[in-house]
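Trainee: Got a structure for you, questions after.
The values are calculated or read from the model by the stated rules, or taken from the named source; none is laboratory data. None of the values given here were measured: they were computed from a predicted structure. Because the Cβ atoms are built from the backbone with ideal geometry, glycine has one as well, and the counts that use them run over all protein chains shown.
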Amino acid sequence: IGDGGRAAARCGGGAVMGSKNLKAIVVRAGRGAATTPLPAEFRALARRAFEQVRDHPNVAGLRDWGTVSLVAIKNQSGDLPARNHQLGQVPWADRIDAAVIARYTRKTKGCFACPIRCGRVTRVESGPHAGDLEGPEYESLDALGPMCWIDDPEVIIHANRLCNDLGLDTISTGVVIALAMECHQRGLLDDPDFSLEWGDVDTVLGLIERIAHRQALGNLLADGARRAAEAIGPEAARYAMHVKGMELPRQEPRVAKGFGLGHATSNRGADHLYALPTIDLASNLEAASRFFPPEIIPALMDPDDETYKPDLVVFSEHYCAVSDALGVCKFTTAETYALFPDDLARGLSALWGREVTAEDLLTAGERIVNLERLYNVRLGLSRTDDRLPTRFTGEPLDVQSFDHSEPTHVARLRDFDRMLARYYQLRGWDENGIPTPETLQRLELDKWIL
């Protein structure tokens, strides 16, 4: 947990710290610490970038409502995972949406000098779930809400706070509890203390405590969805929503197909922020027109068309790697495109005193992705690990308008293998997902040729 309420929660970093008896890392500048004055041109560009982000229409929802502004939008499209991805919508989204969370919001919060300030500090004033929380963010709200069929915002806020206090990733915690609930639904799992029924508050809150303390069923779930499913039995594997052992973030791959491919190929397991391929879902034609050939844009911008989702993921992974390397918030880059690679390149050019182009930055991003891939290859990962749970490749998903009783359409991943093959081709990797010598030479990574 950093800055009071922001969690660097995924991948078990806290568990690694705990294994080393490391409670916290504190950084404090010493008195008289040397500083180098920033060039005037850089300061002017930074001010311009601040204003550009502040005034950009694509950040308005984040500034006004925070990330929970996504709830209503995603529920309409079928991209609000519920009941362990058996559903992509809930009929009660208006009980947990941004307008409801706003009733609990006491103040907004942002990172230093941020023009968006997407953070929210919420408070439940009284009752069994009383307390303060920085959040909930959308990912936590869905994981601890619709995924477990919890429709009470006060329970979701309390569950989020419990996870923070106990050092648990809200996404993985919600997903592994949903696994237990579906295994119970399928007759594969029971517990003497909790019902494991969908929507049971005591089950969700109780299992959070037991996971943290590795007690009873919590001891099994604490190992994550993949290992828990293996322990429950072979039939449970299909209900474990993970990639490479990391539980899926809160997108529905049969609807958000670029995200689905990105979850599968992400070098650290299912991760919505590794690629963050938003251009099609956000109808961001300006960004699409900058980065892709005009002849593919109509298909690329169709969320249901799988043909060019690999192109979108490859580009977005490069831009996200650049954002991570520079420490620039993705809500200003790959999420909203309030800032383009050209904007970052101009800033770096002014800071370093030499020309840096957008192409230079995106190539650096590509180099990062390939280096990470090589690390995984060394550890034995390959194409067989770039897979989604079979629920997404084998089960259709009904999506409906709540004004009609019948589904408006059926969402499905039609040919995931074809998307993956094109992704490898665009990357310059072989059919097993290993970077080719030619690709590594082009990226000046020759010494890592396998």
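Trainee: Any chance you could count how many residues in the range 230-240 are exposed (fewer than 15 other Cβ atoms within 10 Å of the Cβ), touching a residue at least 40 places away in the same chain (Cβ under 8 Å) and part of a helix (DSSP H, G or I)?
Mentor: Matching residues across the range 230-240 total 1.
Trainee: With respect to Ala411, determine if the residue is buried (at least 18 other Cβ atoms within 10 Å of the Cβ) and either of a type in the set (Lys, Arg) or in contact with a Lys or Arg (Cβ under 6 Å, 6 or more places away or on another chain) (or both).
Mentor: Yes, satisfied.
Trainee: Can you tell me which of Ala275, Ala264, Ala270, Ala288 is modelled with pLDDT of 95 or more and surrounded by fewer than 24 Cβ atoms within 10 Å (Cβ to Cβ)?
Mentor: Ala288
Trainee: Asp280 passes all but one of (1) acidic (Asp, Glu); (2) more than 23 Å from His56 (Cα to Cα); (3) free of Cβ contacts under 8 Å to residues at least 40 places away in the same chain; which number fails?
Mentor: (2)
Trainee: Right, next: Just to be sure I understand the filter: pairs with C-beta atoms under 6 Å, separated by 6 or more residues or on different chains, first member in the range 334-360 and in the same structural domain as His272 (by TED's automatic domain parsing) and farther than 23 Å from Pro277 by Cβ, second member outside any helix (DSSP H, G or I) and not polar (S, T, N, Q). Which pairs pass?
Mentor: That search, which allows pairs on different chains as well, returns Leu348/Val356; Ser349/Glu355; Ser349/Val356; Ala350/Pro39.
Trainee: Ok, one more. Applying the selection to the range 28-49, what residues are surrounded by 13 or more Cβ atoms within 10 Å (Cβ to Cβ), charged (D, E, K, R) and under 34 Å from the mean Cα position of the chain (by Cα)?
Mentor: Answer for the range 28-49, where residues must be surrounded by 13 or more Cβ atoms within 10 Å (Cβ to Cβ), charged (D, E, K, R) and under 34 Å from the mean Cα position of the chain (by Cα): Arg43, Arg48.
Trainee: What number goes with the only condition from (1) of a type in the set (S, T, N, Q); (2) surrounded by 14 or more Cβ atoms within 10 Å (Cβ to Cβ); (3) free of Cβ contacts under 8 Å to residues at least 12 places away in the same chain that Gln52 does not pass?
Mentor: (3)
Trainee: Does the range 149-187 hold any residues that are free of Cβ contacts under 8 Å to residues at least 60 places away in the same chain, among the hydrophobic types (A, V, I, L, M, F, W, C) and over 18 Å from Glu134 (Cβ atoms), and which are they?
Mentor: Selection gives Ile150, Ile177, Ala180, Cys183.
Trainee: How about the range 214-229: which of its residues are of a type outside the set (S, T, N, Q), without any contact (Cβ under 8 Å) to a residue 40 or more places away in the chain and not in a loop (DSSP other than H, G, I, E, B)?
Mentor: Leu217, Gly218, Leu220, Arg226, Arg227
Trainee: Go through the range 115-130 and report how many residues are loosely packed, with under 14 Cβ neighbours inside 10 Å and hydrophobic (A, V, I, L, M, F, W, C).
Mentor: Qualifying residue count for the region: 1.
Trainee: Now for a separate question. Considering only residues that are among the polar types (S, T, N, Q), within 17 Å of the chain's Cα centre (by Cα) and not in a helix (DSSP H, G or I), look in the range 256-309 and name the one that is farthest from Ala143 (Cα to Cα).
Mentor: Looking at residues that are among the polar types (S, T, N, Q), within 17 Å of the chain's Cα centre (by Cα) and not in a helix (DSSP H, G or I), I get Asn267.
Trainee: Another one. What residue, among those in the range 153-177 that are surrounded by fewer than 24 Cβ atoms within 10 Å (Cβ to Cβ) and either closer than 17 Å to Leu196 by Cα or of a type in the set (S, T, N, Q) (or both), is farthest from the chain's Cα centre (by Cα)?
Mentor: This residue is Val155.
Trainee: To continue, here is another question. Give Glu355, Glu444, Glu359 a once-over and let me know the one that is more than 30 Å from Asp55 (Cα to Cα) and either buried (at least 19 other Cβ atoms within 10 Å of the Cβ) or acidic (Asp, Glu) (or both).
Mentor: Sole residue among the options that is more than 30 Å from Asp55 (Cα to Cα) and either buried (at least 19 other Cβ atoms within 10 Å of the Cβ) or acidic (Asp, Glu) (or both): Glu444.
Trainee: Now for a different question. Given the criterion at pLDDT 95 or above, in the same structural domain as Gln86 (by TED's automatic domain parsing), over 30 Å from Leu281 (Cβ atoms) and in a helix (DSSP H, G or I), identify the matching residue among Leu179, Leu207, Leu188.
Mentor: Leu207
Trainee: Filter the range 131-152 for residues that are small (Gly, Ala, Ser) and surrounded by 23 or more Cβ atoms within 10 Å (Cβ to Cβ); which is modelled with the lowest pLDDT?
Mentor: Gly135
Trainee: Okay, next question. Taking the range 402-450 as the search range and keeping residues that are free of Cβ contacts under 8 Å to residues at least 40 places away in the same chain and touching a Ser or Thr at 6+ places or on another chain (Cβ under 7 Å), which one is nearest to Glu252 (Cα to Cα)?
Mentor: Step by step, filter the range 402-450, then rank; the result is Thr408.
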